[in-house]
1. Does the range 45-54 contain any residue that is in a helix (DSSP H, G or I) and open to solvent by 90 Å² or more (accessible area, probe 1.4 Å)?
2. Can you give me the number of residues within the range 66-89 that are in a loop (DSSP other than H, G, I, E, B) and modelled with pLDDT of 70 or more?
3. Which numbered condition in (1) over 28 Å from Ser135 (Cα atoms); (2) among the polar types (S, T, N, Q); (3) in a helix (DSSP H, G or I) is the only one that Thr42 fails?
4. Have a look at Ile22, Ile28 and point out the one that is open to solvent by 100 Å² or more (accessible area, probe 1.4 Å) and either farther than 30 Å from Asn90 by Cα or in a loop (DSSP other than H, G, I, E, B) (or both).
5. Out of (1) surrounded by 13 or more Cβ atoms within 10 Å (Cβ to Cβ); (2) not in a helix (DSSP H, G or I), what's the single condition that is false for Asn4?
Amino acid sequence: MPRNNKGFTLIELVMVIVILGILAAVAIPRFIDLSEEARVSTAKGIAGAIMGTATMLHAQYLLDNAQTYETGTSSTAGCPSNGQILCDANISGGPTVTAANITYGSDTNTTVTIYVDPVNSYTMTLTLNSANGPSVAYSF
């Protein structure tokens, strides 16, 4: 009667387990590091959205000195006609963004702290300057 030899040898199984162990040892630290990179990328994305909106509103302000704009809040339903930075930046589906509502409409510098996601708290400082335009700095 012929023998039916189906299956893997012990050496083949051990080699597969060793290869999977090596891959896991290399991949796990890489995936752990991705959470910090994602947090930094989120901060940069939010800062970019805020900066782009602030630049646009500041350009409108320079063209029409009578118009003012404000920091506003990201939860404002329907942006007002005078422009709100956090509302117009359309930050949704991500971390919570809050700030004091500051109105900009004079030649003085105005600085406001923007708080992003209280759980993973990091802050941004938005400076509205009539000479140099707006700038955003963030810290983790």
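1. no
2. Our first condition is that a residue be in a loop (DSSP other than H, G, I, E, B); within the range 66-89, this holds for 66-68, 71-83, 89.
When the remaining residues are screened for being modelled with pLDDT of 70 or more, the result is 68, 71-72, 89.
Within the range 66-89, residues that are in a loop (DSSP other than H, G, I, E, B) and modelled with pLDDT of 70 or more number 4.
3. Only one criterion is unmet by Thr42, namely (1).
4. On the way: Ile28 fails: open to solvent by 100 Å² or more (accessible area, probe 1.4 Å).
Only one candidate qualifies: Ile22.
5. (1)
The values are calculated or read from the model by the stated rules, or taken from the named source; none is laboratory data. If you're wondering where the values come from, they're calculated on a predicted model, not measured in any experiment. Please note: Cβ atoms are built from the backbone with ideal geometry, for glycine as well, and neighbour counts cover all protein chains shown. All accessible areas refer to the heavy atoms of the entire protein, side chains included, with ligands and DNA or RNA removed. Shrake-Rupley method; radii C 1.70, N 1.55, O 1.52, S 1.80 Å.
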